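Colleague: Dumping the structure here so I can ask a few things about it.
Each value in this text was obtained by applying a stated rule to the coordinates, not by laboratory testing. All figures in this text were calculated on a predicted structure; none of them were measured in a lab. Positions of Cβ are backbone-derived with ideal geometry, glycine not excepted, and every protein chain shown enters the neighbour counts.
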Amino acid sequence: MLVRLTVGFSVMCPSSAAYRKNIRSADNLRFMVAAGTLAVVITPDLRAGLGLWKAYIIEPASFFIVFVNTIKTKTQIRGVVWGLGVLAVVIGCVTLLQYANILDIPGGYGLESPARATSIYPFPTAVGKIVGPIIGLFLGLLFGVSRFWRSTLWETVREQGFVIGVLVFSLMALLFSVSRGALVGALAASVVIS
């Protein structure tokens, strides 16, 4: 089965210029799938192992293949990044409304001390799982924004304002959801990226 997956990845991607240009990504993908498959083979609980294998190995690998073969231009990349930023801002706004008791916090998480906002998700750690990686991405854009965005001064200022706004709302979402692991990850990302 592992051979079938690696051959399938090779057959699915050779037309992509990004795939041919960066063969190391394909090798990393093969290694990730091989390591995940080995972990499933030696796990004592095969059903749980297969579920995790599908969720954390196969689905991200499939998403990577589709993303690399679909998103090709800088405009498309910018659209994806803006979409992630808007998602983080919406999540931050909803956590703010929940923390201010304007919206209810489901599942009894509002009764904990401190209260843990859940935003649009059923549990607070989901906020950290979605917003944590977005913080890392936007920290990278903040420190390297002149290379990624357009070259005029007004466009750079506008883009930096959006990036800073996304970071503020994302950190607010993490603080109000009390996602300690995601906060540590965001701190580590800021140390590594800066």
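Colleague: Can you tell me how much longer the chain between residue 111 and residue 175 gets when fully stretched, taken as 0.36 nm per residue apart minus their C-alpha distance, in nm with one decimal?
Modeller: Full extension of this stretch gives 21.4 nm more.
Colleague: In a Debye calculation with equal point scatterers on the alpha-carbon sites of the stretch 47-122 and no solvent, what is log10 I(q)/I(0) at q = 0.17, 0.20 Å⁻¹?
Modeller: The calculated log intensity ratios at q = 0.17, 0.20 Å⁻¹ are -0.86, -0.88.
Colleague: So which aspartates and glutamates can residue 54 reach, going by Cα to Cα under 18 Å and dropping same-chain residues fewer than 8 places off?
Modeller: Straight-distance partners of residue 54: 45.
Colleague: Which length gain, in nm to one decimal place, applies between residue 100 and residue 52 when the Cα-Cα distance is subtracted from 0.36 nm times their residue separation?
Modeller: On the way: separation 48, 0.36 × 48 = 17.28 nm, distance 3.60 nm.
Roughly 13.7 nm would be gained on extension.
Colleague: Related question: How would you rank 40-51, 110-121, highest first, on the average number of other Cβ atoms within 10 Å across their residues?
Modeller: Working: 40-51: 11.4, 110-121: 16.7.
Per-residue mean Cβ counts within 10 Å order the peptides as 110-121, 40-51.
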